[in-house]
1. Any idea how far the Cα center of the stretch 135-157 sits from the one of the stretch 175-189, in Å?
2. Quick one: with all protein chains in place, what share of the accessible area of the stretch 110-189 is carbon or sulfur, to the nearest percent (1.4 Å probe)?
3. Considering every pair of different Cα atoms, what Kirkwood radius, in Å, is found for the stretch 29-131?
4. Along the charge dipole of the chain, pointing to its positive end and built from +1/-1 on Cβ of Lys, Arg, Asp and Glu, which listed residue (GLY114, VAL168, LEU76) has its Cα farthest out?
5. Which value, in debye to the nearest 20, gives the size of the charge dipole of the stretch 83-189 about its Cα centre, when Lys and Arg are +1 and Asp and Glu are -1 at the Cβ?
6. For the stretch 99-187, what is the accessible area per residue in Å², given a 1.4 Å probe and the full set of protein chains?
7. Taking Cα centroids, how far is the stretch 103-119 from the stretch 57-96 in Å?
8. Dipole magnitude of the stretch 113-168 about its Cα centre, charges +1 at Lys/Arg Cβ and -1 at Asp/Glu Cβ only, in debye to the nearest 20?
Amino acid sequence: MRRRAAIEILSQFCRESGAASVATMQASPVWHEVASDVPLHIDMLGCMGSASSLGLGLALGIPNRRVVVIDGDGCLLMQLGTLVTIANARPKNLTLVIMNNQFYETSGNQSIPGAGLTDIATLAGAAGFRSAHRISDPASLKQQIGHLTDDGPTMLVLDIDREEPCEVWPALSMKNQIQVVRGKLAEVS
Ligand SMILES: Cc1ncc(C[n+]2csc(CCOP(=O)(O)OP(=O)(O)O)c2C)c(N)n1
Ligand SMILES: [Mg+2]
């Protein structure tokens, strides 16, 4: 599936449900192309493997709101122990989406270790995630995201086509995004 098609579906879910979102790597510029209106969004910039930890903190802090993290497959492998940390914390409202393109696309499309061999959804299940599904097409993603229950943490592993990395990165400030999200959450609580 194309990254953009997946992010259109994920961002529409956040728009409709009021979920907070975190994106990283090549998901970030696409998110800003299609979903700059979705209010509770933070990009994890630069720090491979930390988007899921930021999402975990958010999910524990706002337990009545769903949190969707869009992570890279290479990033997940960089800090694989986070799967156990997340499963152990049992955030019912957290969904970790892995963009399973099998490449480090951002740094020039080097193949990730375990490409075509390692099953990330099985790793998540073994770590203690309540459910983990591998999804290959937009229709299945739409269906699966419509059936998310508050029985997380859940993982969706999306098979994403190899693309070329974006040429122009949007100007983003994590500090600013975190302050904006904090302010918006304070307004509604
Ligand atoms: C610890 C660490 N090593 C290397 C890098 C350089 N680097 C930046 S992005 C990236 C690839 C990210 O790959 P993936 O998580 O699969 O996301 P994709 O680019 O495929 O969306 C690498 C290796 C880094 N930022 N941090
Ligand atoms: Mg990747």
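1. 27 Å
2. Values: 2520 of 4960 Å².
About 51 percent, which is the carbon plus sulfur part of the accessible surface.
3. Working: mean 1/r = 0.0694 Å⁻¹.
14.4 Å is the Kirkwood radius here.
4. Checked the options; the winner is LEU76.
5. Working: 9 positive and 11 negative charges, 114 e Å.
With only Lys, Arg, Asp and Glu charged at Cβ, the dipole is about 540 debye.
6. Details: 5140 Å² over 89 residues.
Solvent-accessible surface per residue comes out at 58 Å².
7. The two parts, judged by their Cα centres, are 21 Å apart.
8. On the way: 4 positive and 9 negative charges, 57 e Å.
I would put it at about 280 debye.
The values are calculated or read from the model by the stated rules, or taken from the named source; none is laboratory data. None of these values were measured; they are calculated from a predicted model. All Cβ positions, even for glycine, are placed from backbone atoms using ideal geometry, and neighbour counts span all protein chains on display. Just so you know, the surface numbers come from the protein's heavy atoms only, side chains and all, with ligands and any DNA or RNA stripped out. Shrake-Rupley method; radii C 1.70, N 1.55, O 1.52, S 1.80 Å.
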